[in-house]
Ligand SMILES: Nc1ncnc2c1ncn2[C@@H]1O[C@H](COP(=O)(O)OP(=O)(O)O)[C@@H](O)[C@H]1O
Ligand SMILES: [Mg+2]
């Protein structure tokens, strides 16, 4: 990972700003995600982590700043180009967010429906994604028949169904018991290796960060307050940094 700085990042955020009225959430946030790495962004609840992700997928318009995804500034491209880029990103949203009235199979087919050529191979893609999370046997179940950990796995299968270059995780372990959370983190590592993807992981789970991160950013008061490896940050004497690792 040492030569990262010489490479062009596949996701590059510069001077991102977003306020809600007088509430300044992002105050000039910067981020580089390099190919093959697992970058963890840690921030307190309400610090703007989800807002940042929403800006990346264009669910939210930033006030200013640029977000370059694979060389394209997503704040400036049209909807068609954005749709193409979205197929290269997988999302695991906070919570899991499966459709309760659809079977597991239907939940996984959902992201394929707008891609004709992918839709034609849907059976193969669904089964492959379910195998990757070890839940092929759950294909015909309804979400209410699944445990919390299984739901999270299915949501992960849905996120990787199009073999994304980048996987963005919003609080992947929140709401799970410690053992299940550990299993999900291990699975995230396996997926990263199997698919050769890059991961952006938003979390406040210190154990998750320790296991998964190559590099970390702490989001404090709307900016990337500090960057470094888990080891570097955990041994910092800075009060604001220490507060994360208590
Ligand atoms: N659509 C919105 N309108 C007003 N305030 C919002 C909106 N979305 C987020 N916020 C505020 O922005 C702050 C950051 O939210 P969020 O990114 O969800 O935090 P977190 O770091 O926990 O994911 C919170 O104080 C939240 O209330
Ligand atoms: Mg959030």
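Just so you know, all these numbers are worked out from the coordinates, no wet-lab data involved. On a predicted model such as this, the values are computed, not experimentally measured, just so you know. A quick note on method: Cβ atoms are made from the backbone with ideal geometry, for glycine too, and the neighbour counts reach across all protein chains shown.
Rg of the Cα atoms in the range 86-142, relative to 2.2 N^0.38 Å, amounts to 1.11.
Between helix 148-160 and the chain there is an angle of about 90 degrees, using the helix long axis and the longest principal axis of the Cα atoms.
The separation of the range 53-129 from the range 172-246, counted between C-alpha centres, amounts to 23 Å.
Out of 221, 131, 80, any idea which swings most in a Gaussian network model of the chain, alpha carbons joined below 10 Å? Maximum fluctuation in the GNM of the chain, among the listed residues, is at 80. Could you give the angle, 0 to 90 degrees to the nearest 10, between helix 178-195's Cα long axis and the longest principal axis of the Cα atoms of the chain? Result, in degrees: 80. Helix 122-132 and the longest principal axis of the Cα set of the chain meet at an angle near 60°.
What residue among 21, 228, 175 has the largest mean-square fluctuation in a Gaussian network model of the chain, using Cα springs under 10 Å? Judging by the Gaussian network model, the answer is 21.
On the beta carbon distance between residue 246 and residue 66, with R0 = 45 Å, the FRET formula returns roughly 0.80.
Among beta bridges identified by DSSP and lying wholly in the chain, the antiparallel ones come to about 50 percent.
Values of log10 I(q)/I(0) for the chain across q = 0.08, 0.14, 0.15 Å⁻¹ run -0.30, -0.95, -1.09, by the Debye formula with one identical scatterer at each alpha carbon and no solvent. Each peptide in 182-193, 31-42, 108-119 receives the mean, over its residues, of other Cβ atoms within 10 Å, and ordering these scores from highest gives 31-42, 182-193, 108-119.
Based on a Kirkwood Rh over C-alpha pairs, give the Stokes-Einstein translational diffusion coefficient of the range 28-172 at 10 °C and viscosity 1.306 mPa s in µm²/s. In µm²/s, the coefficient rounds to 97.
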